[in-house]
Amino acid sequence: MAENTDILIIGAGISGVGFAIPLKSDNIGGTWWTNSYPGCGCDVPSHFLPYSFALKPDWSRRFARRSEIHQYFTNIAAQYDIHKHVRLASLVEKASWDGITGMWNITILISAVGTLSVPRECTIPGASSFPGKIFHTAQWDHTFNWKDKELVVVGNGCSATQIIPEITSGPGAARMVTQFCRQAHWLAERPNPEYSAFFKWTMNWIPLAMRIYRAKLYWNQERDFAGYDIETGAEIRRGWSMGAAEYIRTNAPAHYRDFLVPKTEIGCKRRVNDTGYLACLHRNNVNLIYDDPVEAIVSNGVRTRAGKIVHADAIVLAQGFETQRPFGSLQIFGEGGVSIHDHWTQISEGVPSAYLGTCLSEFPNFFIMMGPNTLSGHLSVIYTTECQINFALRVIRPVLNAMGTGTWALTIGRPICDIVLVKRTAEQEDIDTATGCTSWFIDRSTKRNSIMFPDWQYKFWLRSVFISWDDFNYKTSQQFNEKIPELVLEVMRSAALKLRNILLQLSSNFEKRDEATTLSGYQCSSWPKRWEVRS
């Protein structure tokens, strides 16, 4: 990567690739590259998954599997020639703002590391004494062959419920999988039919067919938000609970039913699509333990609180991610050397927050994709990410123009600046103080929601389109101020050259006309010769 990079995007996943495309600027694919565990797939309908500017007509099934999704993002990156701008297998450790130059060593810094990017580490005592494999679902060890092996799976979210059906069936099945979980999830029935050749043909060749189908998917999912309103959505949630509870009781083994029907209110956590999980609990090689948690890891497996030893050749951690530490080990320092964590301590009691989930008031020219309060419990995160990308590109347009990446004409009549910063008051007013039940959306100490956008998704889109420009300050750095006369002169030179070329072209056109051609009795082949522009 060139050392004079103007815009640095940290991350090459959905957000990173999506941001790089409008700028034209180990692998690409983000979460769909790192999460390669057996059975990995998406809980959002395939046709609502792609970028709106790069739809895909030939999805194989209603809910795509990981390999197909990763291939889609790889193809899009190749189509827009993103690969040559990407440095893979590189870790960004630190970024600091320089107030004099108005830069982060580069001009604009984009964080696209994602919310679910830092796996939660194993905190169970005794892990170092285990001779077998221990790995997180997002760090799946493909050298491990689970056939005829005994595994322990800790956790029961989306990843666990996708993995267990896969590794306990077929000729390569594990001998025994023991799953430990503390709290049940609301499971939803999810048929996943393959799309017919005729459907794919329709999506590809009938004008607007994909757009209409995508709009229908949007409406079907967006209307579900009515059930998330604490007061007015109570009746809707009651209906959801009754339907989900009936589904679980009908399909789960009798001895697990009381546990598998959650005691929490539906909507507390994102619902988990059933990808064969309830059915696999009937198998002889699957054991679910919910009332005797793991107390320690021992040399031959795990020991439970009751003192029972469960043998294991490998331990799979399906415990989720560090969602309250969105940047992991990455250190970012803004104006005056303030760190992001110190900023959040001052602004929001140490809980991650941002203006529209994207901007921080002490961090100029810095934008966060999939930042605090941007995820949705009912729609695709790519929808939100596209809104953020469009929002950020509009906000930084004056800076891009000043860098020379925009057209010279756009700088006319607008302030020339190289720094954009959201106002502190605007950021504070945009902080979500809502709370809720225990889930990974909620900060444990303050009980505040730091993950989910607490409103209809179309409102997020509206805010990204109709920007409150008074919430931002545009200014110039000391170093850039010294360049302004030179930049203005360059703009004037460029304008003069363009005008000169236009007039020369006009002159050439008039000279080619017949000298007998007249306008109001005067010959018009000679008068343009009196015009001349010198540069």
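Are there any pairs with C-beta distances below 6 angstrom linking a residue in the range 88-112 that is more than 27 Å from TRP33 (Cα to Cα) to a residue that is at pLDDT 75 or above and assigned to a loop (DSSP other than H, G, I, E, B), with the two at least 6 apart or on different chains, and if so which?
What qualifies is TRP97/GLY334; THR101/SER477; GLY102/ASP418; GLY102/SER477; TRP104/TRP97.
Return the pair list, or none, for Cβ contacts closer than 7 Å from residues in the range 323-347 that are open to solvent by 90 Å² or more (accessible area, probe 1.4 Å) to residues that are polar (S, T, N, Q), at least 6 apart or on different chains.
Listed pairs, sorted by first residue: GLN331/SER339.
Which of (1) crowded, with 18+ Cβ neighbours inside 10 Å; (2) in contact with an Asp or Glu (Cβ under 6 Å, 6 or more places away or on another chain) is the odd one out, the single condition TYR247 does not satisfy?
Here TYR247 clears every test but (1).
Is it the case that some residue within the range 424-432 is open to solvent by 30 Å² or more (accessible area, probe 1.4 Å), modelled with pLDDT of 85 or more and in a loop (DSSP other than H, G, I, E, B)?
no
Are any of the residues in the range 227-247 within 30 Å of PRO50 (Cβ to Cβ) and touching a Phe, Trp or Tyr at 6+ places or on another chain (Cβ under 7 Å)?
yes
Write out, first by first residue and then by second, each pair whose Cβ atoms fall under 6 Å of each other, whose residues are 6+ apart or on separate chains, and whose first residue, in the range 184-195, is of a type in the set (Gly, Ala, Ser) while the second is part of a strand (DSSP E or B) and crowded, with 17+ Cβ neighbours inside 10 Å.
The qualifying pairs are ALA188/ASN273.
Mind counting the residues in the range 96-111 that are part of a loop (DSSP other than H, G, I, E, B), open to solvent by 10 Å² or more (accessible area, probe 1.4 Å) and farther than 20 Å from ASP342 by Cα?
Looking only at that region, the number is 5.
Consider SER128 against the criteria (1) more than 32 Å from the chain's Cα centre (by Cα); (2) part of a loop (DSSP other than H, G, I, E, B): it satisfies all of them except one. Which criterion is unmet?
Here SER128 meets the rest and fails (2).
Looking at the range 34-65, which of its residues are over 20 Å from the mean Cα position of the chain (by Cα) and either part of a loop (DSSP other than H, G, I, E, B) or under 17 Å from TYR383 (Cα atoms) (or both)?
Scanning the range 34-65 gives PRO38, GLY39, PRO57, ASP58, TRP59, SER60, ARG62.
Since PHE466 meets every condition but one in (1) at pLDDT below 85; (2) exposed (fewer than 15 other Cβ atoms within 10 Å of the Cβ); (3) among the aromatic types (Phe, Trp, Tyr), which condition does it not meet?
Result: PHE466 passes all but (1).
Only strands (runs of 3 or more DSSP E) wholly contained in the range 266-373 count here; list those with 1 or more residues that are within 26 Å of ALA188 (Cβ to Cβ).
272-274, 286-289, 314-317
Would you confirm whether or not the range 150-168 contains a residue that is in a loop (DSSP other than H, G, I, E, B), charged (D, E, K, R), open to solvent by 30 Å² or more (accessible area, probe 1.4 Å) and over 30 Å from VAL395 (Cβ atoms)?
No, because not a single residue in the range 150-168 is in a loop (DSSP other than H, G, I, E, B), charged (D, E, K, R), open to solvent by 30 Å² or more (accessible area, probe 1.4 Å) and over 30 Å from VAL395 (Cβ atoms).
Condition first: farther than 30 Å from TRP97 by Cβ and either among the polar types (S, T, N, Q) or modelled with pLDDT of 95 or more (or both). Can you find one or more residues in the range 319-342 that meet it?
Among the residues of the range 319-342, at least one is farther than 30 Å from TRP97 by Cβ and either among the polar types (S, T, N, Q) or modelled with pLDDT of 95 or more (or both), which makes the answer yes.
Can you tell me which of ALA174, ALA209 is modelled with pLDDT of 95 or more, within 31 Å of the chain's Cα centre (by Cα) and of a type in the set (Gly, Ala, Ser)?
It is ALA209.
Can you report the number of residues in the range 270-288 which are of a type in the set (Val, Ile, Thr) and under 17 Å from ALA314 (Cα atoms)?
Going through the range 270-288 one residue at a time, the tally reaches 1.
Need pairs with beta-carbon distance below 9 Å; first residue farther than 25 Å from SER376 by Cα and within the range 266-282, second of a type in the set (Val, Ile, Thr) and open to solvent by 50 Å² or more (accessible area, probe 1.4 Å); sequence gap 6+ or separate chains.
LEU278/THR250
Among the residues of the range 290-297, is there at least one that is within 30 Å of GLY172 (Cβ to Cβ) and either in the same structural domain as ALA64 (by the TED database) or crowded, with 18+ Cβ neighbours inside 10 Å (or both)?
The answer is yes; a qualifying residue exists.
Return yes when ALA234 is crowded, with 17+ Cβ neighbours inside 10 Å and small (Gly, Ala, Ser) and no when it is not.
No; evaluated as a whole, the condition is false for this residue.
The values are calculated or read from the model by the stated rules, or taken from the named source; none is laboratory data. Since this is a predicted model, take the numbers as computed values, not measurements. A quick note on method: Cβ atoms are made from the backbone with ideal geometry, for glycine too, and the neighbour counts reach across all protein chains shown. Surface accessibility is based on the protein's heavy atoms, side chains included, excluding ligands, DNA and RNA. Shrake-Rupley method; radii C 1.70, N 1.55, O 1.52, S 1.80 Å.
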